[in-house]
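Read-outs: derived from the displayed coordinates by stated rules, not from any lab. Given the structure is predicted, the values throughout are model-derived calculations rather than measurements. Backbone-built Cβ (ideal geometry, glycine too); neighbour counts: all protein chains shown.
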Amino acid sequence: MKQRALALLMLFVSASSVRAVSISITDSLATPDDVYTKTFTLTEVSDVNIQTWSYAGGTNASNIVIPSGGFDPAVALFRGSGASATLFDFNDDGTCPPGNFDPVTGGCLDSTLMEIGLLPGTYTLALTASPNFPNGPTFGDGFTGGGDFVDVFGDSRTNNFAVDIVTPRALVPDLGTPTFFLFGLSLMGVVFLSRKLC
């Protein structure tokens, strides 16, 4: 019986720590030279996938269908936050998900970053309209400007964008979160059950 109780506990722990964590954002830029930022923190070494759905549209990580017609986005990932954050990676036109091409232009101008084994810490995602790119090695160096809501085919696009930040590994729960509280109650129940059955 103790082995069964231990197996149930291990199943609970593994199920609660393998889930994916995602942030799905839909928003718009007021002007072509605006910079949208999102800061997030990793509490363990993690793989992180960043995918925009602006230009060609598609279904984001929250299963929301994003219409095509948005501007050509560029994404930059900085390590840290604020002006001193350092540029880690950048992408203008990435790998399109299968079949994810704009129905009007046939183009694939969405952006993709696939990071393997990012260290724990704070990161800042910056999303801009191409070709408004990072101007130097830190966020404080600013951006080049020259963003445009007209694509390389000469088509006018909307100022809307959508982006996912997805990590296949769960963030470690804070000691005060409901997840940790439920884990504690489950652990006490398994211990109580194993004593009663033995």
For V104 and I64, what is the calculated FRET efficiency with R₀ set at 25 Å and r taken between the beta-carbons, to the nearest 0.05?
0.75
Amide H of F88: which non-local residues (sequence gap of 5 or more, or other chain) have their own amide H closer than 5 Å, using H built in the peptide plane?
L77, F78, R79
Positive end of the dipole of segment 39-150, charges at C-beta (+1 Lys, Arg; -1 Asp, Glu), about the Cα centre: which of G121, F149, Q51 has its Cα farthest in that direction?
G121
Can you compute the charge dipole magnitude of segment 20-169 about its Cα centre, using +1 on each Lys and Arg Cβ and -1 on each Asp and Glu Cβ, nothing else charged? Give it in debye, rounded to the nearest 20.
380
Within a Cβ distance under 13 Å of L29, other residues only, what is the Lys/Arg minus Asp/Glu net charge?
-4
Take the Cα of D155, step 7 Å along the line toward its Cβ, and report every residue of segment 49-86 whose backbone nitrogen sits under 12 Å from that point.
55-57, 68-72
Under the 0.36 nm per residue contour assumption, what length would be gained going from the current alpha-carbon distance of V21 and S84 to full extension?
20.0 nm
